[in-house]
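Student: Here it is, the structure in full.
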Ligand code: EPZ
């Protein structure tokens, strides 16, 4: 096992570059399955555990993938299986993204049900609803989703999502682009990751209209072509780095970003008293002497992202007064709170609302990561705590942050990565 050993009470300064987006790269990798010839060239792909897991899944299906210096080449001409095994899906729920492309290209997909998640129920009923609308027959057999087209191809249809789902929108899009006829998607997710997927699919020869809106129209095509494409920056990683600047009372700059994708988060930093200077592709955050208590409600894009909720709670432990944080997407996504309280924070949970009382004096100790964003909140708390904080089980962190300790150390932090033995 590995842990991060964080020397607290640090000040940060300087500039750091944002990595490519994990949550955009994964659907791009899945969409490559829609191509039956040529080689896909994806650049700005972050070097992360989840990217390696998805590459393993593509290789298992028969693709050829190669990764070097943030560039991923994928050839899916030789796909020989349509089954996504439990062992890989278990590691990463996003494996469900192969359902739509396999079904659209091969008329059959067999994908393991994802199983449980650390922060509560995450059903996939909307993914299955969309596939059925497009004409697939779906059954669950021995823990696998067995999806088959009834005719040669999926058929265009009207899909109306009752709630916004990033994953279900992505899967429906990737299935509809090769379906016969027109598909409309209402209440589609508008996250930058979905907008990027639309751009990518259109670059492969798809015919998607309404990109960036909640109403998408897709004219099915017969085939799609391999292409070269550059991934977007990781807006959650960039916001997490800015939060590191804010929690340590520092001034830092994150470059290679598109500030417009972070307006809800930047607005909250300003409400908390930070000064935000946005440039075309860079954001500078200057901290106030005292952070102001600031409430947030996590909701679908373009509102405040649930993937920044844990980091915001860590930040508000240093603000003057009580802040209220509600998560409207994952009601129980609060595993980080007992660990933050172990560092000396004073946070209460009632239903899906957390109340953070600040400013709290945090003192370093051992804390346990439970999921990706929870571990990021513990790293932030460790930067401002007295003494040394040890964040254990950082394999969670490595799933979504590319060399985060090196990036923070380049800004002046003192973080070491060490191995350790866990009690059996
Ligand atoms: C994506 O997950 C992200 N993952 C998540 O980031 C992120 O938290 C989430 O979107 C919300 O922004 C990736 O992009 C790989 P959803 P996804 O479908 O697609 C419910 C991270 O930290 N729902 O938009 O799984 C669901 O339970 C990860 O990087 C259904 O009820 O999220 C949730 O309450 C964690 N039925 C809501 O919709 C369905 O079939 C939104 O989920 C699907 C979803």
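The values are calculated or read from the model by the stated rules, or taken from the named source; none is laboratory data. Note that the coordinates shown come from a computational prediction; the quantities given were computed from them, not determined experimentally. Counting neighbours? That spans all protein chains shown, and the Cβs are built from the backbone with ideal geometry, glycine included.
Student: From the list 69, 2, pick out the single residue that is at pLDDT 95 or above, farther than 22 Å from residue 109 by Cβ and in contact with a helix residue (DSSP H, G or I) (Cβ under 8 Å, 6 or more places away or on another chain).
Tutor: 2
Student: Identify, please: which residue in the stretch 204-245 is in contact with a strand residue (DSSP E or B) (Cβ under 6 Å, 6 or more places away or on another chain) and either in a helix (DSSP H, G or I) or modelled with pLDDT under 95 (or both) and is, among those, surrounded by the most Cβ atoms within 10 Å (Cβ to Cβ)?
Tutor: Per the stated criteria, the residue is 241.
Student: Just name the residue that is surrounded by the most Cβ atoms within 10 Å (Cβ to Cβ) out of those in the stretch 72-89 that are under 19 Å from the mean Cα position of the chain (by Cα) and within 29 Å of residue 142 (Cβ to Cβ).
Tutor: By that ranking, first place goes to 89.
Student: Could you pull out the residue among 176, 157 that is surrounded by 15 or more Cβ atoms within 10 Å (Cβ to Cβ), under 16 Å from residue 211 (Cα atoms) and modelled with pLDDT of 95 or more?
Tutor: One residue alone meets the criteria, 176.
Student: Name the single residue that is farthest from residue 254 (Cα to Cα) among those in the stretch 287-318 being surrounded by fewer than 24 Cβ atoms within 10 Å (Cβ to Cβ), in contact (Cβ under 8 Å) with a residue 40 or more places away in the chain and more than 16 Å from the ligand (Cβ to nearest atom).
Tutor: 293
Student: If you go through the stretch 95-117 one residue at a time, how many are under 24 Å from residue 153 (Cα atoms) and within 9 Å of the ligand (Cβ to nearest atom)?
Tutor: Residues that pass the stated criteria total 2.
Student: Does residue 284 satisfy the condition of being without any contact (Cβ under 8 Å) to a residue 40 or more places away in the chain, part of a loop (DSSP other than H, G, I, E, B), more than 12 Å from the ligand (Cβ to nearest atom) and more than 22 Å from residue 123 (Cβ to Cβ)?
Tutor: When the stated conditions are applied, residue 284 does not pass them.
Student: A follow-up question, please. Is there a residue in the stretch 61-71 that is within 24 Å of the chain's Cα centre (by Cα), buried (at least 20 other Cβ atoms within 10 Å of the Cβ) and within 16 Å of the ligand (Cβ to nearest atom)?
Tutor: no
Student: Here's something else I'd like to know. List pairs: first in the stretch 156-179 and more than 14 Å from residue 190 (Cβ to Cβ) and without any contact (Cβ under 8 Å) to a residue 40 or more places away in the chain, second more than 9 Å from the ligand (Cβ to nearest atom) and in a helix (DSSP H, G or I), Cβ under 7 Å, 6+ apart or cross-chain?
Tutor: Taking only residues 6 or more apart or on different chains, the pairs are 157/133; 159/133; 159/172.
Student: Testing residue 120 on (1) in contact (Cβ under 8 Å) with a residue 40 or more places away in the chain; (2) surrounded by fewer than 20 Cβ atoms within 10 Å (Cβ to Cβ); (3) within 9 Å of the ligand (Cβ to nearest atom); (4) farther than 30 Å from residue 337 by Cα, one condition comes back false. Which one is that?
Tutor: (4)
Student: While we're looking at this one, here's another question. Considering only the stretch 329-390, give the strands (runs of 3 or more DSSP E) lying wholly within it that have at least 2 residues that are crowded, with 24+ Cβ neighbours inside 10 Å.
Tutor: Hits in the stretch 329-390: 353-358.
Student: Given the conditions (1) away from the ligand (no atom under 16 Å from the Cβ); (2) buried (at least 22 other Cβ atoms within 10 Å of the Cβ); (3) more than 20 Å from residue 61 (Cβ to Cβ), which single one is not true for residue 13?
Tutor: Only one criterion is unmet by residue 13, namely (2).
Student: May I ask you to say which residue of 410, 323 is over 20 Å from the mean Cα position of the chain (by Cα), surrounded by 19 or more Cβ atoms within 10 Å (Cβ to Cβ) and closer than 23 Å to residue 238 by Cα?
Tutor: 323
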